[in-house]
1. Where the second residue is of a type in the set (Val, Ile, Thr) and in a loop (DSSP other than H, G, I, E, B) and the first is farther than 20 Å from Gln344 by Cβ and modelled with pLDDT under 95 and lies in region 360-377, which pairs have Cβ atoms under 8 Å and are six or more apart or on separate chains?
2. Within region 104-122, restricting attention to residues that are over 20 Å from the mean Cα position of the chain (by Cα) and either among the acidic types (Asp, Glu) or surrounded by 23 or more Cβ atoms within 10 Å (Cβ to Cβ) (or both), which residue is nearest to the ligand (Cβ to nearest atom)?
3. Is there a residue being within 16 Å of Leu206 (Cα to Cα) and at pLDDT below 80 anywhere in region 221-233?
4. Given the conditions (1) of a type in the set (S, T, N, Q); (2) out of contact with any Cys (no Cβ under 9 Å at 6 or more places or on another chain); (3) surrounded by fewer than 19 Cβ atoms within 10 Å (Cβ to Cβ), report the number of the one that Asn83 does not fulfil.
5. Given the condition hydrophobic (A, V, I, L, M, F, W, C), near the ligand (Cβ under 9 Å from one of its atoms) and assigned to a strand (DSSP E or B), answer yes or no: does some residue in region 64-80 qualify?
6. For region 294-309, indicate whether the set of residues that are basic (Lys, Arg), part of a loop (DSSP other than H, G, I, E, B) and touching a Cys at 6+ places or on another chain (Cβ under 8 Å) is non-empty.
7. Restricting attention to region 81-103, which residues are under 26 Å from Leu205 (Cβ atoms), in contact with a strand residue (DSSP E or B) (Cβ under 7 Å, 6 or more places away or on another chain), within 11 Å of the ligand (Cβ to nearest atom) and in contact (Cβ under 8 Å) with a residue 40 or more places away in the chain?
8. Quick check on this structure: which one of Thr437, Thr488 is within 20 Å of the chain's Cα centre (by Cα) and among the hydroxyl-bearing types (Ser, Thr, Tyr)?
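The values are calculated or read from the model by the stated rules, or taken from the named source; none is laboratory data. Since this is a predicted model, take the numbers as computed values, not measurements. Neighbour counts run over all protein chains shown; Cβ positions are idealised from the backbone, glycine included.
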Amino acid sequence: MKKVNNLNKKEIGEYYTPKNLAINMVKKIRDDISNSDILEPSVGDGIFLEPLMQYNPKSIDCVELFQKKCDFITNQYNSDKLNVICSDFIDYSLNCKKKYDIIIGNPPYIKKSNINEDVMTKSKKLLECFSNSNIKIENIWVSFILGSVKLLKKNGSIYFVLPFEFLQVCYSEELRLFLEKKFNKIEITVFNKKVFPLIEQDVCLLYMTNDEKFNKEYIEYKVVEDENNIENFAYESKIMKNKPLKKWTNSIISDEETELIKHKSDIFMKISDFGYTSPGIVTGNNSYFIKNNEFIKATNAECIPIISKSILIGNKVIFSKDDFNELIANNKDVFLLKLSQQKQNYSKELIEFLEAGEQKKLNETYKCKTHKPWYNVPIIKKGDVLFFKRYHLIPKLVINDADIYTTDISYNIRLEDKYDKKSFCFCFYNSLTLVMTEYCGRFYGGGVCELIPSEFKELPLPYQQISDTDLNKLDRMIRNNERVENITDFVDSRVLKKFISEEEIKIIKEIRNKLIGRRLK
Ligand SMILES: C[S@@+](CC[C@H](N)C(=O)[O-])C[C@H]1O[C@@H](n2cnc3c(N)ncnc32)[C@H](O)[C@@H]1O
């Protein structure tokens with residue numbers, strides 16, 4: 001059995017459920033508890049146990065990896081209905097013959113990179129119990145869902161607290177499709193307020209049942225205020241099972257709205273059709289390798305121009321040489337050291353700098369160890385156009401007139417010769433492409449939206465040849481922080497109106513507002 005003291009929270013995924021949330025989750029399923037066999041697969045400090053006991057279950061089995069926690073539960077609760085099992089839940093689900101009416105809990109959150117090899121091998125074995133082998137175990141909570149499905153009685157229910165990413169990341173897409181087929185009723189609850197104050201990521205509740213009284217053709221998606229109101233929803237919508245959504249968070253818009261934006265997107269080329277997209281440079285340590293002009297002059301180091309923070313680009317569509325020169329004049333860190341030679345070939349100042357890095361053991365860090373020599377950051381080609389993968393209100397696609405490189409904050413797009421970068425960028429800022437950035441992206445606590453490369457490449461782009469006058473006008477509008485509405489009105493008038501009616505454009509704008517409202521709540 002494991003000792004808890006030596007492990008950190010990332011390795012054991014230990015974020016306990018707030019008491020009121022546990023009480024209210026149990027309350028919601030109270031009518032099903034009496035006489036039921038119940039399982040808590042990762043019991044921790046047992047926050048669900050007391051509320052469950054109140055409703056007279058037949059048995060409660062609780063599993064926990066750590067002996068100390070199991071001892072705590074055994075000492076805390078004196079009930080012959082309670083059975084504490086000290087085990088890895090993946091093991092337990094592979095070997096247990098007993099089946100349960102209700103499985104309730106808050107599975108650990110442990111990224112694949114922190115899951116130990118043995119648990120990973122067992123998780124893969126668990127996956128083999130199901131026909132759908134496309135499910136990806138990128139986090140341990142996926143194994144907990146699979147293990148629980150395996151241990152469920154025919155009419156049983158699962159009620160879990162899960163990270164919000166369950167609803168939107170690509171790696172859980174197959175899992176969501178699998179669950180859609182498996183369960184008669186699925187209900188998702190999301191919160192307007194933060195329920196776990198200590199963690200950055202929001203959570204959601206997933207309730208799934210095969211109770212025969214339900215046979216719902218849709219997944220219910222409920223938005224509630226906080227953990228004290230999980231049965232009073234502020235907003236409710238449905239996700240039809242026969243029209244699967246890539247991300248369940250998108251159920252905030254109706255089926256008709258989804259159809260409209262998908263159908264309209266199909267009319268146009270995708271970003272990937274225009275050229276080649278690659279991620280920016282990964283330095284391994286931006287503050288060490290990216291320096292200002294003063295440093296470059298003082299050390300006589302070879303360097304290349306680079307942007308490592310989207311804030312340095314600011315609001316603009318055309319990033320010009322003048323814009324970059326202004327950053328240099330303001331002594332911003334905009335030069336990436338380009339050092340491929342042995343140390344002795346460099347200036348005294350640069351040698352001192354590199355030796356100071358070695359003293360701080362930067363040469364032993366994960367990324368630098370892969371470079372030869374350790375300070376030789378691999379350069380990836382720059383793009384004609386830059387897309388900054390994270391954004392707040394409006395995504396940033398910028399013409400790279402300054403001929404700069406970027407770090408991995410952006411994707412670099414090199415267009416095929418037949419497309420011009422000015423038109424490409426201008427056309428991006430239309431209502432349809434912008435609504436699709438919301439629909440395809442994922443968001444985190446705090447509301448920042450991010451598009452991974454595959455999501456970015458899928459965006460529709462209604463490309464047309466655009467005049468310099470129009471482009472300069474758009475650049476001015478964006479530089480002047482004009483309202484997004486005015487910007488899209490202008491771009492729509494040039495690129496969308498030929499293909500999409502005014503009425504439909506209005507609806508598309510409303511959809512975008514809904515999706516943004518969900519993200520920036
Ligand atoms: C997110 S906490 C939840 C605890 C409790 N269920 C709650 O809701 O507050 C996850 C718990 O899972 C335990 N755990 C981590 N890996 C496990 C595994 N492979 N099998 C069983 N329990 C595990 C951790 O020790 C921790 O107590």
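1. Final answer for the pair search is Lys367/Val282; Lys367/Thr283.
2. Among residues in region 104-122 that are over 20 Å from the mean Cα position of the chain (by Cα) and either among the acidic types (Asp, Glu) or surrounded by 23 or more Cβ atoms within 10 Å (Cβ to Cβ) (or both), the one nearest to the ligand (Cβ to nearest atom) is Gly105.
3. No, the conditions are met nowhere in region 221-233.
4. Looking at each condition in turn, Asn83 falls short on (2).
5. Scanning region 64-80 turns up at least one residue that is hydrophobic (A, V, I, L, M, F, W, C), near the ligand (Cβ under 9 Å from one of its atoms) and assigned to a strand (DSSP E or B).
6. no
7. Passing the criteria: Phe89, Tyr92.
8. Of Thr437, Thr488, the one residue that is within 20 Å of the chain's Cα centre (by Cα) and among the hydroxyl-bearing types (Ser, Thr, Tyr) is Thr437.
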